[in-house]
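Below: one structure, written as structure tokens.
The values are calculated or read from the model by the stated rules, or taken from the named source; none is laboratory data. Just so it is clear, the structure is predicted and the values come from calculations on it, not from any experiment. Cβ atoms come from the backbone with ideal geometry, glycine included; neighbour counts cover every protein chain shown. Areas reflect the complete protein model, heavy atoms only, side chains present, ligands, DNA and RNA absent. Shrake-Rupley method; radii C 1.70, N 1.55, O 1.52, S 1.80 Å.
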Amino acid sequence: MDKELLLEEAFAFFSLSPESSPESIKERYHALAKKYHPDSGEFTSPVLFQELQRYHEILLEWQAVGLSVSNSQSKNSNERSEKKKDSSDSKAVFSKYKAAKELETNAILRYYERTKNQPLILKGEENPALLELRKELLPVRKELEEIAIQKPPSIWSKDARDSLKRISVWWD
């Protein structure tokens, strides 16, 4: 079971808050032990006393580590929001990358359709289809450069740089 959830349950069982002092936890433990002990308390079943022991151990462990529910929750909340932000950032970069690659592929396919059975001429003035391809690839270059420059830690950044190298042949 999740330690945070167990810690929250322990505080609820003790009717205390995460800001409670070690002394108040100790006092509350002794009061509940008297109440729940099967030999001397109000209850004859050992179940509640065993739960008390279990929750007391959880609270002692958290005290020893120096953590609180609120610190843990805010830390985990920050971690979750960072992961969510990273994930949405990564999805946005991937979407941008994917759209650029689709534009690139379609532009090159159109180029080859326009130049069927013709030799490959990389001089624009001699090849109007190449001029058209370059015009179609300009937005692709812009998107890929943006990914490569603005999102260097992204896994798509390396692919964007590789794609930029590949399409640069159409200008050389």
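Note on the stretch 32-76: among residues that are open to solvent by 50 Å² or more (accessible area, probe 1.4 Å), at pLDDT 75 or above and of a type in the set (Gly, Ala, Ser), the one that is farthest from LEU6 (Cα to Cα) is SER40. For the stretch 107-117, check the following and say yes or no: at least one residue is modelled with pLDDT under 85 and open to solvent by 70 Å² or more (accessible area, probe 1.4 Å). There is at least one residue in the stretch 107-117 that is modelled with pLDDT under 85 and open to solvent by 70 Å² or more (accessible area, probe 1.4 Å).
Residues checked against (1) buried (at least 16 other Cβ atoms within 10 Å of the Cβ); (2) of a type outside the set (Val, Ile, Thr); (3) at pLDDT below 80:
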| site | (1), (2), (3) |
| --- | --- |
| GLU125 | no, yes, yes |
| ILE147 | yes, no, no |
| SER157 | yes, yes, no |
| ALA160 | yes, yes, no |
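Within the set SER17, SER45, the sole residue that is within 20 Å of VAL65 (Cα to Cα) and among the polar types (S, T, N, Q) turns out to be SER17.
Applying a threshold of 8 Å to beta carbon distances and a minimum spacing of six or more residues, or different chains, the list of pairs starting in the stretch 144-169 at a residue that is in contact (Cβ under 8 Å) with a residue 40 or more places away in the chain and ending at one that is open to solvent by less than 50 Å² (accessible area, probe 1.4 Å) and not in a helix (DSSP H, G or I) reads ILE147/SER154.
Cβ-Cβ contacts under 6 Å between residues 6 or more apart (or on different chains), taken from a first residue in the stretch 27-55 that is in contact (Cβ under 8 Å) with a residue 40 or more places away in the chain to a second residue that is surrounded by 14 or more Cβ atoms within 10 Å (Cβ to Cβ) and assigned to a helix (DSSP H, G or I), are listed as TYR55/ALA10; TYR55/PHE13.
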